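See below for the structure under consideration.
The values are calculated or read from the model by the stated rules, or taken from the named source; none is laboratory data. Small disclaimer: the values here were computed from a predicted structure and weren't measured. Note: ideal-geometry Cβ built from the backbone for every residue, glycine included; neighbour counts use all protein chains shown. Surface accessibility is based on the protein's heavy atoms, side chains included, excluding ligands, DNA and RNA. Shrake-Rupley method; radii C 1.70, N 1.55, O 1.52, S 1.80 Å.
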Amino acid sequence: ISRAIGNRAAEAIALATLGPLRLCLHDVAAAVSESREAVRLSRETGDAFVEAHGLMNLGEALSAATQEDEAAACYAGSVALFERLGMPHGALQARAQHAEMALDRGDLATAMAEVEVIVAALHGGLSLDGTDDPRRIELVCHRVLAAADDGRAAGWLVQAHTHLVAQAARLEVAVRERYLTNVPWNRVIVERWADVSAREPPAPGLQHVP
């Protein structure tokens, strides 16, 4: 509808939303195409907020398409825009996704650099509340620090699991199961926690996911 009536700003928003949904459906080509178009239109209309989100989504789509160099540039552009707009939570999300991609491609130095910025921001008082995927960010911090044999890694898994348990407890059983298994980072948190618990029982007061 937005395209048909010539509302380019609304079309950019719709396309920026569609990109991640295409990835969930494993349609990488469509995710790249629609996210790229969202960035183009947002630049034409001067909507820096949508552009920042569009760049972050395009980075993820390009990462799925194994076009990591362009993806890294998109993440950097997204971070810069979010910071310019005074939106640190968006910048944290983009940094975390960049760190995740860097780790998966074997670039631990870049992944660590991004995670250190995230950790410093959180220690400085910024909260993960307001980011798109707080559990994903916690998991990324855990994975990157674990890959670097950094002693802080375990604490991030505890934090991610504790928060996930609290969220899951609020859901009905059937919904809870889907939430824990269908959301990729939630599933990995559960798996990693189970693996650690099998080797070393959790400390008193820490819960297992129901």
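Here are the numbers:
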quantity	calculated
Calculated [θ] (222 nm, deg cm²/dmol) that DSSP helices of n ≥ 4 give over the chain, each run adding -39,500 (n - 2.57)	-25000 deg cm²/dmol
Degrees, to the nearest 10: 108-123 long Cα axis against longest axis of the chain	80 degrees
Segment 25-75, relative contact order [Cα under 8 Å, separation at least 6], %	35 percent
Between segment 85-107 and segment 151-177, the alpha-carbon center distance in angstrom	21 Å
Environment charge at N186 (Cβ cut-off 9 Å; Lys +1, Arg +1, Asp -1, Glu -1)	+3
Convex hull per residue volume in Å³, alpha carbons only, for segment 56-96	46 Å³
Within segment 42-86, backbone nitrogen closer than 18 Å to the virtual label 7 Å beyond the Cα of A9 toward Cβ	42-54, 85
Percent carbon-and-sulfur accessible area, the chain, ignoring ligands, DNA and RNA, probe 1.4 Å	56 percent
Cα gyration tensor shape for segment 85-152, rounded if a/c is under 1.5, else prolate or oblate	prolate
1.4 Å probe accessible area per residue over the chain, in Å²	50 Å²
Isotropically averaged projected area of segment 27-71, using the convex hull of Cα atoms (one quarter of hull area), nm²	2.6 nm²
Rounded to whole Hz, the Karplus (6.51, -1.76, 1.60) HN-Hα couplings of segment 20-34, x for glycine and proline	x, 5, 4, 5, 4, 8, 6, 9, 5, 4, 5, 4, 5, 4, 6
